[in-house]
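Colleague: Have a look at this one before I ask anything.
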Amino acid sequence: MKNLFTPNFGQIPYYLAGRVDVIEDITRALDNTPGDPNQTTILIGARGTGKTALLRTISNIADQRGWISVNTACLSGLLEDIIQQTTRKGASFLEKKEGVRFKSINVASVFGVEWEYTSGSQPNWRSRMTDILEALAEHDLGLLITIDEIDPTLDEMIQLASVYQLLAGDGRKIALLMAGLPHQVSTLLGNKSVSFLRRSAQCHLERISDADVETAFRATVDASGKEIDGSALREAVTAINGFPYMLQLVGYRSCQATGQSSEIANDAVARGTLLAAQDMRTRVLKATLDELSNADLAFLQAMLEQSGASSSSQIAHVLGKGSAHVSTYRRRLLEQGVIVETGRNRFDFALPMLRSYLPEYLESYL
Ligand SMILES: Nc1ncnc2c1ncn2[C@@H]1O[C@H](COP(=O)(O)OP(=O)(O)OP(=O)(O)O)[C@@H](O)[C@H]1O
Ligand SMILES: [Mg+2]
């Protein structure tokens, strides 16, 4: 029997739960004239919140709406990669549209963009991109650049953002969609040479509502040829707790636990949840905590003293530190997506199961 849950990072799920508003905002922006603020959007979220899946989903939507989307990772060679992907995708778009094949012809010339490479005088990235955008515009096509896992320390990332601002400012049909962990995004936004990015649309990928989780879970179970009753479904939704990666893990493991039976019963969900929790600990929680400093971890440990949300003064008391220390670490952990504000001057753990896993981690790895 099929198992349509996708517990793999970067994979577009069979049924994307929630995220309707951001998809609508960006889709509308793509249909709109240049200058719509949502044409420059940054998706911000902790590990496993679904940044890559959303980026890819939107990129597919753009491909259906008169845009060419190129998807890149934030690695050196980024700028050249964008040029090459755009010319290749542009050429194949035209091939399809005009029903011809440009077999042996150079892709760049088919696409109408050729550069003179005389020694040492290669046109710069901005003018090459301008040529490409003009060639695309002749066919009424725009260019959506998506960049996953933004790395604010990569020079090419900063160059790309600066040139993008100029091209967009010239009224070209170009859009930029980026995704990153909270601290990567805040470092990027702190860079003065790309300060215009602070005015971009910033979308924080928060937990998905139980109702949306339930709809997605049921739809994926149905399509996998299995059944689930209301009580087992509620148990799964509670275990998932709005976290996209858990949705896939709990679903995948529960389907597996039913074996050949078509009914996902409560005991299969219970077993699936147990295995999912183990996957979550090793693949998300440990990886997240490994990136933190000892002082960050001490702050989190102090939060364990409260059974629910903590306040800064409680943490200051437990740590025996002043308010400056507490507010620095509080901000760092908020930026990392490890804690979340739950009310006026109150905060709690942001990732599911972090509270219960933390003591075990501190014992084993410190
Ligand atoms: N809206 C959603 N509905 C259902 N499943 C989702 C959703 N978003 C993501 N997923 C699933 O959750 C898992 C994690 O998604 P994804 O890889 O996009 O996370 P990420 O934020 O990019 O993580 P990382 O920071 O580690 O790169 C994948 O298995 C994906 O299929
Ligand atoms: Mg990702």
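Colleague: Can you name every residue in the range 6-25 that is assigned to a helix (DSSP H, G or I) and either within 16 Å of ligand 2 (Cβ to nearest atom) or farther than 22 Å from Arg65 by Cα (or both)? Reasoning before the result, please.
Modeller: As a first pass, look at the range 6-25 and keep what is assigned to a helix (DSSP H, G or I): 20-25.
Within the range 6-25, just Val22 meets the criteria.
Colleague: Do you know which of the residues in the range 1-27 that are charged (D, E, K, R) and under 21 Å from Val221 (Cα atoms) is farthest from ligand 1 (Cβ to nearest atom)?
Modeller: Among those residues, the one meeting the criterion is Lys2.
Colleague: Search the range 145-173 for residues being of a type in the set (A, V, I, L, M, F, W, C) and in contact (Cβ under 8 Å) with a residue 60 or more places away in the chain, and hand back the single one that is nearest to Ser76 (Cα to Cα). Don't jump to the end; show me each part of the working.
Modeller: To start, the set of residues in the range 145-173 that are of a type in the set (A, V, I, L, M, F, W, C) comprises 145, 147, 150, 154, 157-158, 160-161, 163, 166-168.
The next check asks that each one be in contact (Cβ under 8 Å) with a residue 60 or more places away in the chain; those that pass are 145, 147, 150, 154, 157, 160, 168.
On the way: Ile145: 16, Ile147: 12, Ile150: 12, Leu154: 7, Met157: 9, Leu160: 12, Ala168: 23 Å.
Selected residue: Leu154.
Colleague: Residue under question is Ser76, and the condition is that it be under 27 Å from Ser186 (Cα atoms) and either assigned to a helix (DSSP H, G or I) or under 23 Å from the mean Cα position of the chain (by Cα) (or both); does it hold?
Modeller: Numbers: under 27 Å from Ser186 (Cα atoms): yes; either assigned to a helix (DSSP H, G or I) or under 23 Å from the mean Cα position of the chain (by Cα) (or both): yes.
Against the criterion (under 27 Å from Ser186 (Cα atoms) and either assigned to a helix (DSSP H, G or I) or under 23 Å from the mean Cα position of the chain (by Cα) (or both)), Ser76 qualifies.
Colleague: Restricting the search to the range 42-89, which residues are small (Gly, Ala, Ser) and more than 12 Å from ligand 1 (Cβ to nearest atom)? Before the answer, list the steps.
Modeller: Within the range 42-89, the subset small (Gly, Ala, Ser) is 45-46, 48, 50, 53, 59, 62, 66, 69, 73, 76-77.
Ser59, Ala62, Gly66, Ser69, Ser76, Gly77, listed by residue number.
Colleague: Go through Thr33, Thr57 for me and flag whichever is within 16 Å of ligand 2 (Cβ to nearest atom) and either modelled with pLDDT of 95 or more or in a loop (DSSP other than H, G, I, E, B) (or both). Can you show your working first?
Modeller: Numbers: Thr33 fails: within 16 Å of ligand 2 (Cβ to nearest atom).
The unique qualifying residue is Thr57.
Colleague: Look at Arg28 and say whether it is under 21 Å from the mean Cα position of the chain (by Cα), away from ligand 2 (no atom under 13 Å from the Cβ), basic (Lys, Arg) and on the phi < 0 side of the Ramachandran plot. Write out each step before concluding.
Modeller: Values: under 21 Å from the mean Cα position of the chain (by Cα): yes; away from ligand 2 (no atom under 13 Å from the Cβ): yes; basic (Lys, Arg): yes; on the phi < 0 side of the Ramachandran plot: yes.
Here the answer is yes, as Arg28 does meet what is asked.
The values are calculated or read from the model by the stated rules, or taken from the named source; none is laboratory data. The structure displayed is predicted, hence computed values, not measured ones. All Cβ positions, even for glycine, are placed from backbone atoms using ideal geometry, and neighbour counts span all protein chains on display.
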